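Asks: Below is one structure. I have some questions about it.
The values are calculated or read from the model by the stated rules, or taken from the named source; none is laboratory data. Remember, predicted model here, so these are calculated numbers, not experimental data. Note that we place each Cβ from the backbone using ideal geometry, even for glycine, and neighbour counts take in every protein chain shown. For accessibility, only protein heavy atoms count, side chains too; no ligands or nucleic acids. Shrake-Rupley method; radii C 1.70, N 1.55, O 1.52, S 1.80 Å.
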Amino acid sequence: MGFFDFMTEDIAIDLGTANTLIIHNDKVVIDSPSIVARDRVSGKIIAVGKEANMMQGKTHENIKTIRPLKDGVIADFDASEKMLTMFIKSIPALKKKLFTPALRMVVCIPSGITEVEMRAVKESCERVNGKEVYLIHEPMAAAIGIGIDIMQPKGNMIVDIGGGTTEIAVIALGGIVCDKSVKIAGDVFTNDIVYYMRTQHNLFVGEGTAEKIKISIGAALEDLETPPEDLSVQGRDLLTGKPKQVEVSYREIAKALDKSIQRIEDAVMETLSQTPPELAADIYNTGIYLAGGGSMLRGLDKRISQKTDLPVYIAEDPLRAVVRGTGMALKNTAKYRSILIK
């Protein structure tokens, strides 16, 4: 191994449904939307990440935008591989190399993933030159990224609301004691908003616009202490077919998302009800930790707290908690050996 050491690079990847993040040398070097744009005629990938994201919903028949991941797992193997290759090639430190170095990687996967889906992730990584590929469960990575010492005989509850899945897990002694993975997360919230705008305002908005609404004024409660300003939303009027603009308040979005958030609450309650009593006692004291982009929904922490009667904390940089944890696992492979899946 000695000779090859200087030719091997370590990278940690959070291959997410909505965003892909890569850490190299303790720095987040890639933080891009997981989306590629393909030329239908030549089959070539013409754009990836932010560039491809800007094309979404605005393409003609020769360009197709693809989101290679669905519900946290690889849906389009070829596109996900090309996307990973392009992301890895665009890492500044690896650009300078003469030839592509061998990679040691840790990639995180949803906890509810099947054997086949797991192999798809692994093979994708091996095909982009991953010589040693380790997998880690997302809630684990999130816990490490939040700064919890997961090896302690202490129970901690993580709720990681991503783009495709919400991962809920109770962690103790470096393992997942009980977990639940539900396919209700950021993408579903976005679709809820599209549906709400269509039914309540007769306004047809694209996914990109709905996403913008969610980030600007999205809320989980109809009464917020510091409410955001109303937002002007443009789209197509379903009745006249003309472009039009309506004002939308955060209260409406809270209404639109209510059902989906309820289902996340139910999943949290169910996980709590399956928790062994000793760990339940710990969680009473430690509370619940939220990570992932969905945790930034205004008032969500308060809403879950009211439902569970537990303190709820949001990770400090929730979008990057998982990839930070994955990066830490990569650095201390020896310490975290037990939780890495070879």
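Asks: Let me spell it out: the conditions are (1) within 24 Å of LYS70 (Cβ to Cβ); (2) open to solvent by 50 Å² or more (accessible area, probe 1.4 Å); (3) among the aromatic types (Phe, Trp, Tyr), and TYR284 meets all of them except one. Which number is the exception?
Replies: That leaves (1) as the condition not met.
Asks: For the structure I just gave you, tell me whether GLU265 is open to solvent by less than 30 Å² (accessible area, probe 1.4 Å), part of a helix (DSSP H, G or I) and touching a residue at least 12 places away in the same chain (Cβ under 8 Å).
Replies: It is true that GLU265 is open to solvent by less than 30 Å² (accessible area, probe 1.4 Å), part of a helix (DSSP H, G or I) and touching a residue at least 12 places away in the same chain (Cβ under 8 Å).
Asks: Would you say ILE23 is at pLDDT 90 or above and within 30 Å of LYS331 (Cβ to Cβ)?
Replies: yes
Residues checked against (1) open to solvent by 60 Å² or more (accessible area, probe 1.4 Å); (2) within 30 Å of LYS302 (Cβ to Cβ); (3) modelled with pLDDT under 95:
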{"site": "ASP223", "(1), (2), (3)": "yes, yes, yes"}
{"site": "PRO228", "(1), (2), (3)": "no, yes, yes"}
{"site": "LEU239", "(1), (2), (3)": "yes, no, yes"}
{"site": "LYS242", "(1), (2), (3)": "yes, no, no"}
{"site": "TYR250", "(1), (2), (3)": "no, yes, yes"}
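Asks: Of all residues in segment 268-281 being open to solvent by less than 80 Å² (accessible area, probe 1.4 Å) and among the small types (Gly, Ala, Ser), which is nearest to ARG198 (Cα to Cα)?
Replies: For segment 268-281, the residue satisfying everything is ALA280.
Asks: Out of the residues in segment 67-106 meeting the condition of being basic (Lys, Arg) and under 21 Å from ILE184 (Cβ atoms), tell me which one is farthest from the chain's Cα centre (by Cα).
Replies: Looking at residues that are basic (Lys, Arg) and under 21 Å from ILE184 (Cβ atoms), I get ARG67.
Asks: Can you work out which of the residues in segment 10-58 that are charged (D, E, K, R), out of contact with any Lys or Arg (no Cβ under 7 Å at 6 or more places or on another chain) and touching a residue at least 40 places away in the same chain (Cβ under 8 Å) is surrounded by the fewest Cβ atoms within 10 Å (Cβ to Cβ)?
Replies: Looking at residues that are charged (D, E, K, R), out of contact with any Lys or Arg (no Cβ under 7 Å at 6 or more places or on another chain) and touching a residue at least 40 places away in the same chain (Cβ under 8 Å), I get ASP26.
Asks: Scan segment 299-331 residue by residue and report those that are in a loop (DSSP other than H, G, I, E, B) and either farther than 23 Å from LYS27 by Cβ or open to solvent by 70 Å² or more (accessible area, probe 1.4 Å) (or both).
Replies: Scanning segment 299-331 gives GLY299, ASP309, LEU310, PRO311, GLU316, LEU319, ARG320.
Asks: Moving to a separate point now. Could you check how many residues of segment 132-148 are over 20 Å from LEU319 (Cα atoms) and touching a helix residue (DSSP H, G or I) at 6+ places or on another chain (Cβ under 9 Å)?
Replies: 2
Asks: Find the residue count for segment 288-298, including only residues that are open to solvent by less than 20 Å² (accessible area, probe 1.4 Å) and under 24 Å from GLU252 (Cα atoms).
Replies: Matching residues across segment 288-298 total 5.
Asks: Here's something else I'd like to know. Taking segment 94-128 only, how many residues are under 11 Å from THR8 (Cα atoms), at pLDDT 85 or above and surrounded by 16 or more Cβ atoms within 10 Å (Cβ to Cβ)?
Replies: Count: 3.
Asks: Follow-up question, since we're still on this one. Is it true that LYS82 is open to solvent by 70 Å² or more (accessible area, probe 1.4 Å) and farther than 30 Å from SER181 by Cα?
Replies: Considered against the rule, which asks whether it is open to solvent by 70 Å² or more (accessible area, probe 1.4 Å) and farther than 30 Å from SER181 by Cα, LYS82 comes out as no.
Asks: Another question about this same structure. With the condition kept exactly as written, say whether any residue in segment 184-205 is open to solvent by 30 Å² or more (accessible area, probe 1.4 Å) and among the small types (Gly, Ala, Ser).
Replies: no
Asks: Could you check, for segment 59-68, whether at least one of its residues is open to solvent by less than 60 Å² (accessible area, probe 1.4 Å), in contact with a Phe, Trp or Tyr (Cβ under 7 Å, 6 or more places away or on another chain) and modelled with pLDDT of 90 or more?
Replies: Checked against the condition, which is being open to solvent by less than 60 Å² (accessible area, probe 1.4 Å), in contact with a Phe, Trp or Tyr (Cβ under 7 Å, 6 or more places away or on another chain) and modelled with pLDDT of 90 or more, segment 59-68 yields no hits at all.
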